[in-house]
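J.: Below is one structure. I have some questions about it.
What follows is calculated from the coordinates using simple rules that are stated; it is not laboratory data. Quick caveat: nothing in here was measured; it's all calculated off a predicted structure. Cβ sites come from the backbone with ideal geometry, for glycine too, and all protein chains shown count toward neighbours.
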């Protein structure tokens with residue numbers, strides 16, 4: 001059995017198509033979509049429709065899949081001031097696009113975890129973040145005692161969410177991270193995913209990185225109207241250009257320093273970040 005585990009597509013249809021074509025060429029029989037199909041990029045509707053049209057796909061719930069539903073409902077689980085903050089224009093735009101297409105609530109049925117058990121092989125536990133929370137990333141940096149808690153007796157623990165591939169053997173548990181299809185944060189612009197193959201000697205792991213032309217998705221930020229929604233859309237586009245995490249460190253920097261989130265402070269932050277890389 002050969003399984004493709006893909007995640008963090010984030011509304012990037014070109015990257016998704018490249019990965020699906022590569023997975024087919026590699027002989028993947030099943031695809032687990034490990035969360036965050038939507039938001040950030042301009043193609044949330046098309047990406048979700050593409051995956052729902054297939055009969056070889058299983059889903060887990062990602063934080064962005066859930067965020068758009070929470071946003072539309074003006075949920076009390078989100079800070080009330082977010083709904084009047086223009087910084088969140090891209091999120092509002094993506095939620096509206098999905099709602100118009102009748103797809104906003106599709107992820108409501110997606111489970112938090114996916115398990116894989118085959119005779120003679122360590123059981124596999126897959127979750128977008130961790131099995132306990134979709135915003136808790138797992139990687140080689142996860143504390144051994146936490147790995148034991150999260151793996152719950154499974155020999156392989158697979159996460160996504162952190163937008164970079166990772167692999168580590170931690171206390172008898174193989175910890176893997178898929179990396180990101182649509183918005184990698186490891187400096188590699190290729191669409192990245194994990195290929196897992198059942199073999200007599202155990203699970204065989206291969207990290208795939210698939211080249212694709214980013215010009216189309218970058219142009220659709222503008223042609224779709226997403227870029228007109230404000231600053232967060234500009235940041236998401238920059239993340240595709242640089243293959244680096246920008247949104248989260250910028251947000252944290254503004255929180256830590258009490259700096260307003262404006263185009264001026266973003267430009268200052270961007271210059272600061274780019275000089276580091």
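J.: What's the center-to-center distance, using Cα atoms, between the range 243-272 and the range 136-181 in Å?
T.: A separation of 29 Å, based on Cα centres.
J.: Give me the distance in nm between label points sitting 7 Å out from Cα along the Cα-to-Cβ direction at residue 100 and residue 275, one decimal.
T.: Output for this residue pair reads 4.2 nm.
J.: Roughly how far apart, in whole Å, are the Cα centres of the range 184-225 and the range 7-54?
T.: Each part reduced to its Cα centre gives a spacing of 10 Å.
J.: Counting only DSSP beta bridges with both residues in the chain, tell me the antiparallel percent, nearest 5.
T.: So the antiparallel bridges amount to about 60 percent of the total.
J.: If I take every Cα pair under 8 Å that is 6 or more residues apart in the chain, average their sequence separation and divide by the length, what percent do I get for the relative contact order?
T.: The normalised contact order for the chain reaches 20 percent.
J.: In degrees, nearest 10, range 0 to 90: what is the angle between the Cα axis of helix 231-242 and the longest Cα principal axis of the chain?
T.: Taking Cα atoms only, the helix is inclined about 50 degrees.
J.: Quick check: the angle from helix 13-25's long axis to the longest principal axis of the chain, C-alpha only, nearest 10 degrees?
T.: Orientation of helix 13-25: about 10 degrees from the principal axis.
J.: Something else about it: Based on a Kirkwood Rh over C-alpha pairs, give the Stokes-Einstein translational diffusion coefficient of the range 228-276 at 20 °C and viscosity 1.002 mPa s in µm²/s.
T.: 196 µm²/s
J.: In which sequence would 247, 134, 193 go, from the one with the fewest C-beta neighbours within 10 Å to the one with the most?
T.: So the ranking, lowest neighbour count to highest, is 247, 134, 193.
J.: What whole-number value in cubic angstrom gives the convex hull volume per residue for the C-alpha atoms of the chain?
T.: 135 Å³
J.: Measure nothing fancy, just the Cα-based angle from helix 263-276's long axis to the longest principal axis of the chain, in degrees from 0 to 90, nearest 10.
T.: 40 degrees
J.: Let me ask something additional. Only Cα pairs under 8 Å and at least 6 apart count here; give the relative contact order of the range 27-117 as a rounded whole percent.
T.: Across the range 27-117, relative contact order equals 34 percent.
J.: If neighbour count is taken as other Cβ atoms inside 10 Å, put 60, 115 in order from fewest to most.
T.: 115, 60
J.: So if we plug the beta-carbon distance of residue 54 and residue 75 into 1/(1 + (r/R0)^6) with R0 = 35 Å, what FRET efficiency do we get, rounded to 0.05?
T.: Once rounded, the FRET efficiency stands at 0.70.
J.: In which sequence would 156, 217, 37 go, from the one with the fewest C-beta neighbours within 10 Å to the one with the most?
T.: 156, 217, 37
J.: At a Förster radius of 41 Å, what calculated FRET efficiency corresponds to the Cβ-Cβ distance of residue 207 and residue 262, to the nearest 0.05?
T.: It comes out at approximately 0.60.
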